[in-house]
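Heads up: the structure comes next, in C-alpha cells.
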Amino acid sequence: MRVCVPGGIVAGIDHPTYGRIHARNGIMDVPADVARDLIAHDDCFPAANKPRGADGFVCTSCNFHGYFRACGRCGGSCVRPHELTAGAAPAERSPS
Ligand SMILES: [Zn+2]
C-alpha cells in the first residue's frame, strides 16, 4: 500500500526484509506490514488511492497504479483506468 512520508522529503528507507524502498514525490509503495510499521512509528500516513483531482494511470503489464504514463514499477506503459475498463481498446495515443 502507499504511504506518505513526513514532509515529502524522505528519499526512501532501507528495510531489513524488503531492502531499499524508494519514495517518489513523498509517497512510498510498500508491503502492507511495512506500511503499518511506518504509520505506527515513523509519522507516515496512508496515501489516498488516487491522486487528488485525477485518476492516475494503471499499468497494462503489472497493474500497478501510478501517476505517470510510464510504470513506476516495471517501466511498462500505463493507461487511464477508464481506458482499461472501456473494453480492450488500447490508448489512442500509444506511447512510443
Ligand atoms: Zn508495470
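Each value in this text was obtained by applying a stated rule to the coordinates, not by laboratory testing. Everything quoted here is computed from the prediction, not taken from an experiment. Neighbour counts are summed over all protein chains in view; Cβ atoms, including those assigned to glycine, are modelled from backbone coordinates with ideal geometry.
Calculated FRET efficiency, ARG36 to ARG80, Cβ-Cβ distance, R0 = 35 Å: about 0.70 to the nearest 0.05.
Relative intensity of region 2-46 on a log10 scale, I(q)/I(0) at q = 0.14, 0.15, 0.25, 0.31 Å⁻¹, equals -0.24, -0.28, -0.82, -1.27, per a Debye sum over C-alpha point scatterers of equal strength in the absence of solvent. With the simple spin-label model, which puts each label point 7 Å out from Cα in the Cβ direction, the PHE64 to THR17 separation comes to 2.1 nm.
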